[in-house]
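J.: Below you will find the structure I want to go over with you.
The values are calculated or read from the model by the stated rules, or taken from the named source; none is laboratory data. The structure displayed is predicted, hence computed values, not measured ones. Please note: Cβ atoms are built from the backbone with ideal geometry, for glycine as well, and neighbour counts cover all protein chains shown. Side chains are part of the model used for accessible areas, which takes the heavy atoms of the whole protein and leaves out ligands, DNA and RNA. Shrake-Rupley method; radii C 1.70, N 1.55, O 1.52, S 1.80 Å.
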Amino acid sequence: MLRRALIAIAALIGIAVTVNLGFWQWGRGQQRTAIHDAMEARARLAPLAQGELPPDLRADDPLLHRPVVLRGEWLPAQTIFLDNRQMNGVPGFYVVTPLRLAGRNDAILVQRGWVQRNFERREALPPVQTPAGVVELRGRLAPPPAKLYAFDKEEKGPIRQNLDLTRFRTETGLPLLPYSVQQTGSASEGLLRQWPQAGSGAEKNYGYAFQWWAIAALIAILYVWFQLVVPRRQARRA
């Protein structure tokens, strides 16, 4: 009797734990869906004016991913080509250039677009046009460019694996805002702007939730079979 009671308690604990883990993953999925929906809703709002740019931008800031219209002058000498970035499955560079904002004392790093690299001459910079004078562009407020693994943490030169915004601000002496703008629109200046659309990732959480619930169901089925059905069949045969 004690053995059967212990097995029953263990089964109940296992079912309770896996059911709760399933609900926890389901809740995480709903949170991610809500965040993604909010991001999509911000992207459909009216563009911010240049004077509405915030001094900082946190990961949970309601202005993140908002459209924006900028006016200023490119600083082409500080252009960086971020290596090993893909667009439509083709490796190349993300091109980022600081823009000195018109009517302000600061600048902002703009992720201008993607260009394919020269695979025969890997150190050759691809042709990218950078208009002189005051330009106007549309984009969306974004975090600094995502980082990839790199062996060299102190990268220099125009071709780099990553760009640390704080270190780049010190390197260039530019009063860069602590976030970036991802330029949007059709291809121009030798650059494509078919930026990858980030999904919510909620489907993974929902999948994990169903896996946990399946384990809970399996525990219940095995308990019923081996502790109830099989003993009764054996008793009938006896």
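J.: Starting from the Cα-Cα distance between V17 and A146, subtract it from 0.36 nm times their residue separation and give me the gain in nm to one decimal.
T.: Length gained, V17 through A146: 42.8 nm.
J.: Sticking with this one: Per-residue HN-Hα couplings for segment 79-95, Karplus 6.51 cos²θ - 1.76 cosθ + 1.60 at θ = phi - 60°, whole Hz, x for Gly and Pro?
T.: 5, 10, 9, 7, 7, 6, 9, 10, 9, 6, x, 9, x, x, 10, 8, 9
J.: Which chymotrypsin sites (Phe, Trp or Tyr not before Pro) from segment 100-187 combine a DSSP loop assignment with at most 10 other Cβ atoms within 10 Å?
T.: F119, Y149, F151
J.: If DNA, RNA and ligands are ignored and the probe is 1.4 Å, what is the ranking of M1, M87 by accessible area, most exposed first?
T.: From most exposed to least exposed: M1, M87.
J.: Quick check: pseudo-label points 7 Å beyond the Cα along Cα→Cβ at T184 and A124, how many nm apart are they?
T.: 3.5
J.: Can you give the extra length, in nm with one decimal, that the chain gains between I159 and A49 once fully stretched, where that is 0.36 nm per residue apart less the Cα-Cα distance?
T.: Stretched out fully, the I159 to A49 stretch lengthens by 36.4 nm.
J.: Right, something else. Hey, with R₀ at 22 Å, roughly what FRET efficiency would R104 and V134 work out to, going by the Cβ-Cβ distance, to 0.05?
T.: Once rounded, the FRET efficiency stands at 0.95.
J.: Related question: Calculate how steeply helix 202-224 sits against the longest principal axis of the alpha-carbon atoms of the chain, using the helix alpha-carbon long axis, and give the answer as 0 to 90 degrees to the nearest 10.
T.: The angle comes out at about 10 degrees.
J.: Per the Cauchy relation, a quarter of the hull surface: what is the mean projected area of the convex hull of the alpha carbons in segment 140-190, in nm²?
T.: 4.7
J.: Provide, as a two-decimal number, the C-alpha radius of gyration of segment 38-122 over 2.2 N^0.38 Å, N being how many residues it has.
T.: Rg over 2.2 N^0.38 Å, computed on Cα atoms: 1.30.
J.: Using a 1.4 Å probe on the protein heavy atoms only, what accessible surface does K147 show? Give it in Å² to the nearest 10.
T.: Accessible surface of K147 is approximately 120 Å².
J.: Points 7 angstrom from Cα along the Cβ direction at V69 and F226: gap in nanometres?
T.: Placing both labels 7 Å along Cα→Cβ, they lie 6.9 nm apart.
J.: For the chain, taking Cα atoms only, what is the radius of gyration to one decimal and the Dmax to the nearest whole Å?
T.: Rg, Dmax (Cα atoms, Å): 27.2, 96.
J.: Given a Förster distance of 25 Å, report the FRET efficiency between A217 and H36 from their Cβ-Cβ distance, rounded to the nearest 0.05.
T.: It comes out at approximately 0.25.
J.: Let me ask you something else. So how exposed is D37, as accessible area in Å² (1.4 Å probe, rounded to 10)?
T.: Per-residue accessible area (D37): approximately 90 Å².
J.: Among P131, P91, P55, whose mean-square fluctuation peaks in a Gaussian network model of the chain (Cα, cutoff 10 Å)?
T.: Residue with maximal mean-square fluctuation among P131, P91, P55: P55.
J.: Sticking with this structure for a sec: Go ahead and run the numbers for FRET between T166 and E203, Cβ-Cβ distance against an R0 of 30 Å, rounding to 0.05.
T.: The formula returns an efficiency of 0.30 here.
J.: Return the single residue from V17, V128, V110 with maximal mean-square fluctuation; model: Gaussian network over the chain, springs between Cα atoms under 10 Å.
T.: It is V17.
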